[in-house]
Every structure is written in C-alpha cells, then in structure tokens.
1. Output the qualifying pairs, or none if there are none: Cβ atoms under 6 angstrom, residues six or more apart or on different chains, first residue in segment B:307-324 and closer than 13 Å to residue B:290 by Cα, second residue part of a helix (DSSP H, G or I).
2. Among the residues of segment B:581-592, are any surrounded by fewer than 10 Cβ atoms within 10 Å (Cβ to Cβ) and on the phi > 0 side of the Ramachandran plot?
3. Quick check on my filter: what residues within segment A:48-67 are closer than 20 Å to residue A:119 by Cα and either at the interface with chain B (Cβ under 7 Å from one of its Cβ atoms) or touching a strand residue (DSSP E or B) at 6+ places or on another chain (Cβ under 6 Å) (or both)?
4. What about residue B:207, is it crowded, with 24+ Cβ neighbours inside 10 Å, touching a residue at least 24 places away in the same chain (Cβ under 8 Å), assigned by TED's automatic domain parsing to the domain that holds residue B:88 and closer than 26 Å to residue B:177 by Cβ?
5. Out of B:170, B:156, B:165, B:144, report the one residue that is within 19 Å of the chain's Cα centre (by Cα), touching a residue at least 40 places away in the same chain (Cβ under 8 Å) and either crowded, with 20+ Cβ neighbours inside 10 Å or part of a helix (DSSP H, G or I) (or both).
6. Tell me which residues, restricted to segment B:699-740, are polar (S, T, N, Q) and more than 9 Å from every other protein chain (Cβ to nearest Cβ).
7. Based on this model, can you work out whether residue A:7 counts as more than 13 Å from every other protein chain (Cβ to nearest Cβ) and either at pLDDT below 90 or under 14 Å from the mean Cα position of the chain (by Cα) (or both)?
8. Output the number of residues of segment A:57-69 satisfying the condition of being among the basic types (Lys, Arg) and surrounded by fewer than 19 Cβ atoms within 10 Å (Cβ to Cβ).
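The values are calculated or read from the model by the stated rules, or taken from the named source; none is laboratory data. No experiment lies behind these values; they were computed from the predicted model shown. We place every Cβ from the backbone using ideal geometry, glycine too, and count neighbours over all the protein chains shown.
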Amino acid sequence: MNSIILRVGTQYLCGLLVLFSLYMLIRGHNEPGGGFIGGLIGSTGFVLFALACGTADARNALKVMPQNIAMAGLGIALLAGIFAAFFGDALFTGQWLFINETADSKGIPISTVLFFDIGVYLVVFGSILSIVFAMEEEI
Amino acid sequence: MNDTATATQPKGNGLVGLIPVGIALLLFGWFLSLAPAVAEGQSLRLVWDWVPSLGIAMSFLLDGLSLTFALLISGIGALVLLYSNTYLAGHPQFARFALFLTSFMLAMLGLVLADNLIGLFVFWELTTITSYLLIGFGHDTAKGRRSALQALFVTGAGALALLAGFILLGFSMGSFELSEILAQADALKAHEMYLPILILILAGTFTKSAQFPFHFWLPNAMAAPTPVSAFLHSATMVKAGVYLMARMHPGMAGTDVWFWTLTIAGAFTAVFASILALRQTDLKQALAYTTLMALGTLTLFLGQTSGYAMTAFATFLVVHSLYKASLFLVVGCIDHSTGTREADVLGGLGRVMPVTAFAAGLAALSMAGFPPFLGFIGKELKYAGILAIGSEPFLFAAALLLANALMFAIAGIVALRPFWQRTGIALPRKPHEAPWTMLAGPVILAILGALFGVYPDLLQTSLVDPTVKSLLGSIEDSKELKLWAGVNMPLIMSIATVALGITLYLAHKRLRPALGRLVDASPQFDKGWDKFLLGLKRFAAWQTRIIQPGILRRYIFATFATVLVAIGGTMIARQAMPTLPDLSDVTFQNIALVVLISAGAILTALTSSRIAAMAALGVVGIGVAMIFIVFSAPDVAITQLLVETLVVVLVAVALLRLPVLDENGRDHRPLDAILAGAIGLSVTLVLLAVLETPLDLRLTEYFEVTSWPEAFGRNIVNVILVDFRALDTFGEIAVVVIAALSAYALLRTTHPRKDP
C-alpha cells in the first residue's frame, strides 16, 4: 500500500499502540488487560507498520528478529516459574516483593508473576509478528 | 613393518582410535577380575531405581551366563577396536565409526548384564539402533542403506513383539526383575499367559538371532565394514537373541512347545544355512551363512534341558565366538591386502601372509573340529547333547552331522584355499602381510581356541560350569570337557563328519551349480522382502490418495461431518434433546447482536467477492466480541476483538493472492449448506443442554475469594492465567512459539528468501 498519509500516520500510531500495550500489560493484574492482550495490541502496531511501510522497514524498526523475541519471552516466563524453586516453593508459585509497604497499602508490588506476564507478552508479540512478516514477504 | 598397508593413507587415528580400545580393555580386565568369584558360584547384583512407581529399576546381575557373554563382548570388542583402528586408518568418518562401535559394545554389555525386563529391552533396542548405524556405515551405496534398513525393520519389528512379551510377562508374574521371575519357574510355565509370552519373546529372539524364516537380513548385513561383521554378526549382536533364550531357559524351558519350536527352528536353520554357505564364493558371505548355522545349533541346544545339551551350548558358544571372529578378521586382512574376497580368485597367499595364514589355519581347524582344538571338544559335546534328546534323536543328529560336515568344507574353503592353493589368477592388488594391529585379533583368538582345547579345565571351571549353573541351577549335570572320551558314538560321528566334510570340500565346485538351482527354486525371502516393502508403499499411496487428496474444502467437510456424526449421533442415541429455554428476558440489544452476527455469516457464505467475504467474517467476529462485552467479560472481549483484527489481516494477505473464488463451480454448495446448518443446529442444541445442568460454581467462588488475598490481583482472569494456572499458560505459550516457528519455517521453504 503506497499511501503517504497512512505511512506518516502509522509511525505515530505504532508508537502509541506499543505504549498502550505496555499500559495494558502492567494494569492487567487488577483491571482488564494482561500479557496476552498487551502482546496482541503491540503486535497490531507493527502489523499496521508492515502494511503501510513494508516488512523491510518494519523489521528495521523492530531491530530484533520477532522469533528471537518470542523465544526470549518463553525463556523469561520459564525463569519466572523456576525462581520459586529458590524459596522451596512449587514450580510457578508467585513470589512477591512490596516496596514501601504500609498497613493499608501494598506499595509498589514487584513479583515473578509480573515477569511471567512480560514473558507471555513477548511470546504473543514475537509469534504473531514472525508469522505476519513471513506471510507478507512470501505470499 | 606396515609401509604398504598405510602408504597412501595418513597413519592411525590418534586418540580417537585408542580410547575405545582402552575402554574395552578396562572392562575386560574388570570382568576378568570378577571371574573367580563367579566361578565359585556367587552372583553379583547392582540396583539403581529408575521408575520406582512402575517397578522399573536399572538392575544388573553378573552370573555365569552373563559373565561369559560379557567377557566375549569386551575381549573381542577390544581386539576388534584395535583392528579397525588400522583397517579404517585415516577414514574421514572414523570418529563416528569408533563412537558407534563403542556405543554398541556398551549397549551389548548392558543387555547381557541387565536383570530388569525393561532395562534389558532398552539395551536391546540400543543394540538395534547402533547396529543399524554400523551396517549403514557405507551409506553412500544403495546396498548399504538397504541392508541397514532391512536389519532395522526386521529386528525392530521383533523387538516390538519382545516388548509386548516382556510387559505381559512382567504383569503376569508381578515383577519386572528377571531373577524374581525365573525363581518362580513352575508358576510361569503353568500360567495361562505362558503361550502368548513365549510366542512374543521368541519372535524377538528369532528375528535378532536370524533364525529361519527371519534369516535373510544377516547375510545382507555383511555390507558393513569387516570389523563390524566380526563383532556384531558373529560374536555378539546376533547372539543377543541366543542370550535371551538362554536367560529365559530356567523359567520357560521344559515344555513341549518350547522344545519343538526351538529344536525344529534351530535344526532347520543350521542345515539350511550351511547348505547355502557352500554356494557362496564371497568369503564373507560364506562365513555369514555359517554364522546362521551356529546360531541355529545354539538355538537347537537351548530347546533341550539335559546336562549334555547345556554343556554343549556353553562350550560351542565360546568356541564359535573365538574361531568366527578370528576368521572374519582374517578375511578382512585378506580383503585389505589383496582387494578381493572372492574364493575363486584368491590363492597362494600363504607365503606372503604367513601370520594371517597361521591364524586362519588354527581357527579353521577349530571350526572344522579337529583335535586338539576346542572345536573338537565342542563338536563331541554337540553330538553327545543331540543324542540325549528325548524324541527323534537320530533325525536331529543326522541334521547336525550334515551341518558339521558342511562347516568342515567351508573351513577349508575360507582358510585353506586362499593361502595354499594356486589359482594363477592375478589379484587386484599385490598382497602383503597385514600390520600387527590387525593380526593381534585373529592370532590371539585362534591361539585361545587351541589353548582351551589342550587345557579344557581352564574353560570348564571359569566359564562353562558357571554358565550351566545359570541355566540348570546347579553344576551337577555339567559334563566334563575332555579331548579323549573313549570310543563312543560321538567319536564315530566325528569320524563320519570328517569323511563327509572332505568329500564335500573336494566336490564343492561341482556342487555349486546344483545348489544354485535348488536355491533359485525355493522361496526367495530377500526378494519377498522387497515385494513386501513395495506393497506397503503402494498401500500407503492408495490410502493417501483417498484420505488426503490435498483439497482443503474436503478436509474441512470431512472434519465437520465427523463432528456432526459424533455430536448429533450421541444426542439422538442418548435422547438428550433440550427443552426450549425461557426467552422472556431477551433484550432488544441481544436480538440486534444475533441479527448482526447472522447477517455477517449469511453474507460470508453467499458473496462471490473475497473482500466482501472477509469483511463479513470480521462482522461475525466483532459481533461475538460484543456478546462478551454485554455479558461483562472485558478481557475475553478485548482478546476476541484483537484476534479478529489480526485474522482479517492474515486472511487478507493470504487469500487475495489465490485464484478467483469458486473457479471449480458451486456444485458442492448445497451439500455444504446442509452440513453447516446441521452443525449449527447440533451445537446450539448442545449448548442448550449444557445450560440445563446447574453450573458448578465452586471453582469460580474459590478464585473470587482467594484472588486478592493470595495472589494480590483483582482481575481474576489474569490472576488465573499468570498465577493460579501459570503452568498451563506456560504450556500454551510454548505451543504458540512452536506454532509460530513452524509456520515461519513452512512459509520460508516455499520460496527462496528475498533480501529484506
């Protein structure tokens, strides 16, 4: 598709979609969202980018091979699950750390569950993009 | 000393060649150090738990039988590895070869030492696989590949039967430990599953030990390098079947079916193979057929239970391994030195290769059964053992006599003619003596054959008696190994053997054409194998044509038709028709959604434009997402919406490049419509039926209550995904990655890669 309006618009839209996807990822634990949805939204941004500017530009913008992103995500998710073993818990038991915890507030929570969700995000993001890019290029 | 042997090749293989020899020697030394304890009647047992919940352990037992095998395997293994280090010096794939051969040796040791059925089976299959790799070592020839595959298929099929037999045996007797099973021999023989177990186990051992009618793979396996043939196809692997029969002997022998099956199969294989052996002109092929003969003889003796038969088994096992490995290695030396193995071409090598000729002579005299060699004692015991058979001893004795006479003739053809008879035919290469590394094996093995013949006590106390004890439970029935037992029936039969053997040797050239005609007239198992494979391939092609025509529409039709039959059939059979639910609380919003989705579906089905069909499909998806929103499942709705968007993009990318919709006409549409309608109806009915049963809310309530206090999250869907059910999610994302990589690989292979 050779439309300058779409191309220029997409560059901003893609960034916004990725930003929004991160927001969806982080809020996922308490509000609708999460890794799956975040990954889908993020990949939509790059799919749009590939449609407007071609997959070569999309790959350049992404810098990393999407397959590698997916594999890295799987690795992060696995590590987040194995982390529980250091505390003698069963595999994939969530481990939590609350920064600035007070009596009525949990403060800023950091957890292996969040890292697991980031792994899911990266898997969905990378997998979709590797299929879409390959289809765009080959067909 | 070996300038000519390796003049054109780089010398040796460095450490890669020597380490395996060292491993084999160490093992041999270790087994040898245990021999005195075993000779005193002890047996050693080692156990590691492997799958304790299933009663599977890595347990090993060293008794007389397994020690005899272990010594043969590690001892001959060391010599063969040393030999192949020179035989294949400088071969570009020598490291691979050494790895295969060493792995095979270790697997074989595991097999003979294992005391657990499942452990034994694992090692059994390891020998099958390593032997496949070794036979197919010359994988650049079609013959090598075919032979390797044939050996794998035949022994692999037998191994499957064996596994079934082992499992049946393990569950019937309540234990997978061999020593426990064999301790209750009477219960096993009386068990109602005895016959199925016996058939399945014998299917495994007969294929492995190449008993008729599964014999045809062994001569073909000679496509392997000669050291492999010497090791696998004379001394060890093919004896794995014999070993297992011997191992099961205390528990299963003594019944009529055991006696007749083993005796007849063994006797027939022995005679049949030795007749075929006489016909061969390739020295290696001739030896291969005599190996079949030996395996047949060993099987024949395992059919019996008398002390003579067991002593004959134990002695002949050792005799055969010694002379056969030696002769195979000699043939390898001849081949290596002259470039040919044709009996009719070779001649006059005795002067050029004196040491080889010496080893060949000793081994052949043992094979022919001359005194004072161990082969003579073995032969006397064989005759004594065969005469002790309860029924039809003379028929089997005659068969054995014929087989032995043929062996005698073949010993002459292999070990006498190439060295001492002049043919006057030019050899492909100028012969030379083999280097010492290649002579060590045949010479040591041949001398051992002579040494044990002169001092039979050495063998009697160390190996034969303990082996008989393993088989019969005591050494009382073990017969004495001696050169001179007086004038008796076995001695007379021996003299007859020699006379007949000399006649056959002198006449073998004239006999060959007649034998050829006989063989051509009899059923051809090797060609039958090819026909069997061809038939299998045709069947596969036929069923692929029927089931997998490559037309996507038919696949989908078949899938949905199956679903319809499964669901609709079940609902009709169970009379589970739901009643129409109360529709009073349906709102206008709901009806609008239903109309929207239905309109999208109908448009998708009716339009002839791809773009329109895709857009209409998108409408269906968004309508479904809106249903999720109406019933307050925002997470699912968002996911559905996003997936729908991506699917439309993917479909657009793929489908727009396809030819015009329905270029094959629309004849199939009425049928498709009927199927689609029926599927829709049955799914609706199923959903209605599901709604009639009260919803079990226990899990929902549990998650609602514990989501915040235990997992610190308010979005229950996400908490379930990443915390409560994190392992499931991990499995799912692993599947996503695998699917993405597969799709990527598939797409990449259809076209050459374009530059990004």
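1. Qualifying pairs under 6 Å: B:320/B:294; B:321/B:72; B:321/B:235; B:323/B:363; B:323/B:366; B:323/B:367; B:323/B:449; B:324/B:234.
2. No, segment B:581-592 contains no residue that is surrounded by fewer than 10 Cβ atoms within 10 Å (Cβ to Cβ) and on the phi > 0 side of the Ramachandran plot.
3. Initially, segment A:48-67 is screened for residues closer than 20 Å to residue A:119 by Cα, giving A:62-67.
Correct list: A:67 only.
4. Working: crowded, with 24+ Cβ neighbours inside 10 Å: yes; touching a residue at least 24 places away in the same chain (Cβ under 8 Å): yes; assigned by TED's automatic domain parsing to the domain that holds residue B:88: yes; closer than 26 Å to residue B:177 by Cβ: yes.
Criteria met by residue B:207.
5. Working: B:170 fails: within 19 Å of the chain's Cα centre (by Cα); B:156 fails: touching a residue at least 40 places away in the same chain (Cβ under 8 Å); B:165 fails: touching a residue at least 40 places away in the same chain (Cβ under 8 Å).
Matching residue, one of B:170, B:156, B:165, B:144: B:144.
6. The answer is B:700, B:706, B:707.
7. Values: more than 13 Å from every other protein chain (Cβ to nearest Cβ): yes; either at pLDDT below 90 or under 14 Å from the mean Cα position of the chain (by Cα) (or both): yes.
Spelling it out, residue A:7 is indeed more than 13 Å from every other protein chain (Cβ to nearest Cβ) and either at pLDDT below 90 or under 14 Å from the mean Cα position of the chain (by Cα) (or both).
8. Within segment A:57-69, the subset among the basic types (Lys, Arg) is A:59, A:63.
Within this subset, residues satisfying the condition of being surrounded by fewer than 19 Cβ atoms within 10 Å (Cβ to Cβ) are A:63.
Number of matching residues: 1.
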